[in-house]
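Below is the structure I would like to discuss, written out as structure tokens.
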Amino acid sequence: MSKIGKKNITVPKDSSIKIEGSNLTISGPKGTKKLNINDKIFSSKLVENSFELKPLKKDVDKKTSIMWGTYRSLINNAVTGVTSGHEKILELSGVGFRANLKGENLNLQLGFSHDINFRIPKEIKITVEKQTIIKINGVDKELVTKIAADIKNLKPVEPYKAKGIKEKGQYVLRKEGKKK
């Protein structure tokens, strides 16, 4: 059995969860998130007095034990997303590397002969600080990390001078240059 799946999910008082069959609707101060969970594999029960969501195991077989911790993590990510939100911070490092917001597009100057315009989805909020720091905020953790990965793939960090786009705190393994 999954060790993660056994843990209870604490729901803050400003958030609420509605369980309708296999559909979960989680709402909070940042927004709402809907999840479709296979009720044959996973079922949950909301405890009213302690504001906790307890995962219950139905039939313990191979598929159930595999997906049990995954569904618990998805529900927990949705609860933290609607209460406090998810955030990724990207840093641009390199001479002349800049980022600007122009309407619904993120304009990036990454050393190419042209600017790159990255379209921002409506569910995501992007802010640019100091032209080299990009903050990505949103309710959905999967979408926030996907957008961060797409932006990082525009100019990956190279190992010699560490130029490119990286996450805050990401370690870049540096290589030694060419020797004579």
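The values are calculated or read from the model by the stated rules, or taken from the named source; none is laboratory data. The model shown is predicted, which means the values in this text are computed figures rather than measured ones. Quick reminder, even Gly has a Cβ in these numbers, built from the backbone with ideal geometry, and neighbours come from all protein chains shown.
Is it the case, given these coordinates, that LYS141 is buried (at least 18 other Cβ atoms within 10 Å of the Cβ), within 30 Å of LYS6 (Cβ to Cβ) and modelled with pLDDT of 90 or more?
Yes.
If we keep just the residues of the range 99-137 that are among the aliphatic types (A, V, I, L, M) and loosely packed, with under 15 Cβ neighbours inside 10 Å, which is nearest to HIS86 (Cα to Cα)?
Among those residues, the one meeting the criterion is ILE133.
Give me the residue from the range 60-75 that is under 10 Å from ILE9 (Cβ atoms) and crowded, with 19+ Cβ neighbours inside 10 Å and, out of that set, modelled with the highest pLDDT.
Here the residue is ILE75.
Say whether the condition of being touching a helix residue (DSSP H, G or I) at 6+ places or on another chain (Cβ under 8 Å) and at pLDDT 90 or above is met by at least one residue in the range 144-162.
Checked against the condition, which is being touching a helix residue (DSSP H, G or I) at 6+ places or on another chain (Cβ under 8 Å) and at pLDDT 90 or above, the range 144-162 yields no hits at all.
Here's something else I'd like to know. Where in the range 54-168 are there strands (runs of 3 or more DSSP E), lying fully within it, with 1 or more residues that are basic (Lys, Arg)?
The strands (runs of 3 or more DSSP E) meeting that bar are 86-93, 98-102, 116-119, 124-129, 133-138, 164-167.
Something else now. Suppose we keep only residues that are hydrophobic (A, V, I, L, M, F, W, C) and buried (at least 18 other Cβ atoms within 10 Å of the Cβ) within the range 76-98. Which one would you say is farthest from the chain's Cα centre (by Cα)? Don't jump to the end; show me each part of the working.
Our first condition is that a residue be hydrophobic (A, V, I, L, M, F, W, C); within the range 76-98, this holds for 78-79, 82, 89-90, 92, 95, 97.
Among the residues that remain, those that are also buried (at least 18 other Cβ atoms within 10 Å of the Cβ) are: 78-79, 82, 90, 92, 97.
Details: ALA78: 10, VAL79: 13, VAL82: 12, LEU90: 13, LEU92: 20, PHE97: 25 Å.
Only one residue fits best here, namely PHE97.
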